[in-house]
Structures are given as C-alpha cells and as structure tokens.
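In what follows, a structure is listed as structure tokens, so that the remarks can point back to it.
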Amino acid sequence: MENGLKQMQVRLAVTDQDLADVQRLRYDVFVEQMGAAGMVDHHARREADQFDDHAAHLMVTDGEQVLAVCRLMDQAAAQSAGGFYSASEFDLGPLLHSGKSLLEMGRLCLHPDHRGGAVLAQLWAGLADYVAQGGYDLLFGTASFSGSDAQSLALVLSWLHDNHLAPSDICPRSKQPAEFSRISNPDRRAAALALPPLIKAYIRYGGKIGQGAFVDRAFNTVDVLMLLDLATANQAFIRRAMGPKS
C-alpha cells in the first residue's frame, strides 16, 4: 500500500458516525482546500447538503481514517430527493428519457495525504462492484477543474469536446454554458496533463462528456458532466463490474 497504508477497505457508510466522517473529509477538501461555500457546518467541520440523507456513500478506509468518499444516487433516491444533484447544472433530459438505469456519482474526494493511484483505484473497484450489484446501465456525474476561469481551460475543454463528446441521444447540455474559445486541433499530450484524476479515470474506462461546461461559483470549479455507458465502456471496467463470464 502507498505511503505505509494498512489494508484498505471499501464499504458503504452505514452509521451516523460513518456519514459524519464522510462529510468531514468533504469539508477538509471542498471547504478548507477549495474554498467552497454552501451548506457547511464550520463548528462540526462538515460539508453536507439536502441530498446526503437520500444517497448511498461509498468509503475507502484503512481502519483508522477515511481516505476517499463518493456519493451514489439512483433514480429512486433522486426521486426521493427531488432530483439528481447534477440537474442543477446540466439538462439531464436525454439521460432521463434514455430508458437506461442510471446511477449518479458525486462529491468524490480523496484525503489530501493519499491522492496516489492506489486509493482512487480502490474507490473505482468498489464502485464497479456497486454498479454490478445494482444492475445499472449508465454511470454519470459532474467532475471538476479547480478555479472558475473556463477560458484558462480552453485547450483541455476543446480536446474533450473534440474527442470524447457523448452521443447526441444521451448527451446532457450545460444549463449555463461556460464561455471559452474553442481551440482547433488541441494538443492531446497537453490536454492529458491537464486532466484531473477523476476525469482521467472516466476517460480511461471509456467515459464521455456532456455538451459544454458549467461554472460552479459556490465550489470555485468549472464542471463537466461525465458519463460511462456500460454497454460501450472499456472492458477493464466491465470485467471488474460484471466478474468473469461463463
């Protein structure tokens, strides 16, 4: 394990203390590091919102501390919560009318001392198992670039739209498209270096993006909508999610 970690475990939050631990890691990352505002309890050091009580929360731990978390919401949970979180930024109509079984992944973050590949790989492995058990067809959610200047991301956003745009029949669109100048023939190597780990992981597994980007000023980020359709996903994810085929 990296950096002397004990054996890592991936599991769902099942107790009030688990949820508090999830929200405290989110506070450390989103509030203290990124300067996010919103539904924040500074006294308890918890970042929370109205979706948390309706969602499942996946955790990676090493027995002593929480190393990574992400929030998972299916269509039943979204109906109970009043909609999917990412619907505030993107028109999800194409997904909602696709006939596919949907799972939204959000609020993903890693402990600042453990952002190497091993922890993220464990989180994706747990996610693949969750997807397989639930029989979901399509995984989606917002993924973020730090900062609110979309123009500074013109090269990487152009590259994503040129090479990884979702098919039109399942392609959500930003409700308030961030302004940036499209760059012709963006450099692949430079774009790859600018990709945050979550977006890089989606792309590695065959993920696509929705049309446009959204500036989330509450979180000081530029967001894209990522999609992973298991019918066309990279076989590495399929094998992990579905297990060996007979």
For this session: Go through the range 35-60 and give me each residue that's under 22 Å from Leu127 (Cβ atoms) and surrounded by fewer than 18 Cβ atoms within 10 Å (Cβ to Cβ).
Result: Asp49, Asp53, His54, Ala56
Exercise. Within the range 118-161, how many residues turn out to be free of Cβ contacts under 8 Å to residues at least 24 places away in the same chain and of a type outside the set (A, V, I, L, M, F, W, C)?
Worked result: 2
For this session: State the number of residues belonging to the range 151-171 that are in a helix (DSSP H, G or I) and under 18 Å from Leu198 (Cβ atoms).
Result: 7
Seminar exercise, completed: Checked the range 172-185 for anything of a type outside the set (Phe, Trp, Tyr) and part of a loop (DSSP other than H, G, I, E, B); matches are Pro172, Lys175, Gln176, Pro177, Ala178, Glu179, Ser181, Arg182, Ile183, Ser184, Asn185
For this session: Look through the range 71-105, keep the residues that are among the aliphatic types (A, V, I, L, M) and surrounded by fewer than 18 Cβ atoms within 10 Å (Cβ to Cβ), and return whichever of them is farthest from Glu47 (Cα to Cα).
Result: Leu96
For this session: Could you tell me whether Gln23 is modelled with pLDDT of 80 or more, polar (S, T, N, Q) and over 22 Å from Ala125 (Cβ atoms)?
Result: yes
For this session: Sort out which residues of the range 188-220 are outside any loop (DSSP other than H, G, I, E, B) and within 13 Å of the chain's Cα centre (by Cα), and write them in order of number.
Result: Pro197, Leu198, Ile199, Lys200, Ala201, Tyr202, Ile203, Lys208, Ile209
Problem set entry | Lone unmet requirement of (1) touching a helix residue (DSSP H, G or I) at 6+ places or on another chain (Cβ under 7 Å); (2) modelled with pLDDT of 95 or more; (3) assigned to a loop (DSSP other than H, G, I, E, B) for Gly83 | (1)
Exercise. Just to be sure, is Gly135 on the phi > 0 side of the Ramachandran plot and more than 18 Å from the chain's Cα centre (by Cα)?
Worked result: yes
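The values are calculated or read from the model by the stated rules, or taken from the named source; none is laboratory data. Since the model is a prediction, treat every value here as computed from it, not as a measurement. Reconstructed Cβ throughout: ideal geometry from the backbone, glycine too, with neighbour counts over all protein chains shown.
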